[in-house]
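Only one structure is covered here, and it is reproduced in the block below.
Computed from the coordinates by the stated procedures, all read-outs in this text should not be read as laboratory data. Note that the structure is predicted; figures quoted are calculated from it, not measured. Note: ideal-geometry Cβ built from the backbone for every residue, glycine included; neighbour counts use all protein chains shown.
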């Protein structure tokens with residue numbers, strides 16, 4: 001555990017403070033300030049858990065239950081705080097209460113499985129974790145735990161069968177990501193691409209999934225497949241974050257498509273929020289000869305006919 005805590009102050013600045021000073025000065029002040037603001041108190045309470053202040057997190061978690069009532073997320077958070085304080089019986093009681101109120105809660109099952117594991121009840125932990133994933137197969141944390149439990153004993157074939165069962169659930173998409181990763185490690189690129197595409201197509205929020213997929217393909221060196229995913233599913237005009245664009249641009253640069261990479265980044269930059277636009281400038285500054293290429297692109301745009309058939313975005317032009 002670090003002797004220092006990094007937090008964001010009221011002016012939006014990142015500040016580092018000794019744990020003791022943070023506990024004595026910042027925590028009481030923030031709890032008092034956010035006491036009646038459930039959203040800010042929730043965010044601060046999560047910081048307290050992450051920085052491992054269980055006693056103070058318990059105060060915030062109890063207050064959140066008062067403010068929100070016994071909703072699923074508030075009950076689970078209170079159980080997590082109990083768990084961090086090694087209060088396993090209280091955590092189990094809270095999670096079982098949550099499951100009684102919300103029988104379909106996969107997250108409650110996953111956290112209950114963690115409690116059983118901490119108590120040394122391995123079989124019960126696994127059974128509970130699996131039950132939770134049948135309720136919600138898209139739980140990132142729970143699915144990661146589940147997959148790792150098979151891989152550590154090299155039970156890949158059995159894992160694939162279990163993942164297939166999760167994939168059959170309506171709305172499932174995260175198990176497909178794990179199937180793609182397994183195929184990638186087995187150098188079965190055809191299957192990996194099949195599962196990656198299915199994950200993207202089935203996910204309700206696609207940008208984060210595309211970012212993950214392109215990141216994994218890039219790390220594995222499959223740049224042409226990365227480009228294929230971007231050109232099939234991604235648009236710079238719809239990006240909230242620049243990271244998929246960076247993955248795409250890196251792949252284009254690797255395949256000697258510098259002009260297209262620069263055009264894509266500039267198109268994307270127009271649609272990003274202000275906080276991300278400088279990141280694009282920084283990325284471009286690291287591309288050798290980018291200024292000259294941009295100047296050429298601008299000149300080409302000036303000389304281009306203005307007919308409707310020519311009105312294409314630069315990134316489309318380079319496809």
Q | Highest-first arrangement of 272-282, 223-233, 74-84, where packing means the average Cβ count within 10 Å | A | 74-84, 223-233, 272-282
Q: Would you calculate, for the chain, the mean residue ellipticity at 222 nm contributed by helices, counting each DSSP H stretch of 4 or more residues as -39,500 (n - 2.57) and dividing by all residues, to the nearest 500?
A: -21000 deg cm²/dmol
Q: Rank the residues 7, 53, 153, 134 as a footprinting-exposure proxy: fewest other Cβ atoms within 10 Å of their Cβ go first.
A: 153, 134, 7, 53
Q: Based on other C-beta atoms within 10 Å, arrange 244, 110 from fewest to most.
A: 110, 244
Q | Per-selection Rg to Rh, the range 74-213 - Cα, Kirkwood hydrodynamic radius | A | 1.01
(Q) Take residue 16 and residue 93, extend 7 Å from each Cα along the Cα→Cβ direction, and tell me the distance between the two endpoints in nm. (A) 4.2
Q: Rounded to the nearest 10 degrees, what's the angle between the helix 88-101 long axis and the longest principal axis of the chain, both from Cα atoms, 0 to 90?
A: 70
(Q) Between 0 and 90 degrees, rounded to the nearest ten: what's the tilt of helix 174-185 against the longest Cα principal axis of the chain? (A) 60
Q. So how far apart, in nm, are the two label points at residue 65 and residue 35 if each is 7 Å from Cα heading toward Cβ?
A. 1.9
Q | Spin-label model distance (nm) - residue 52 vs residue 170, 7 Å beyond Cα toward Cβ | A | 4.4
Q.
Nearest 10 degrees is fine. How inclined is helix 72-84 to the longest principal axis of the chain, computing both from alpha carbons?
A. 70
Q. Scattering from the C-alpha atoms of the chain alone, worked out with Debye: what is log10 I(q)/I(0) at q = 0.07, 0.08 1/Å?
A. -0.41, -0.53
Q: Take peptides 170-178, 63-71 and line them up by average Cβ neighbours within 10 Å, highest first, as a rough protection proxy.
A: 170-178, 63-71
Q) Quick one: Cα centre-to-centre distance for the range 117-137 and the range 226-268, in angstrom? A) 40
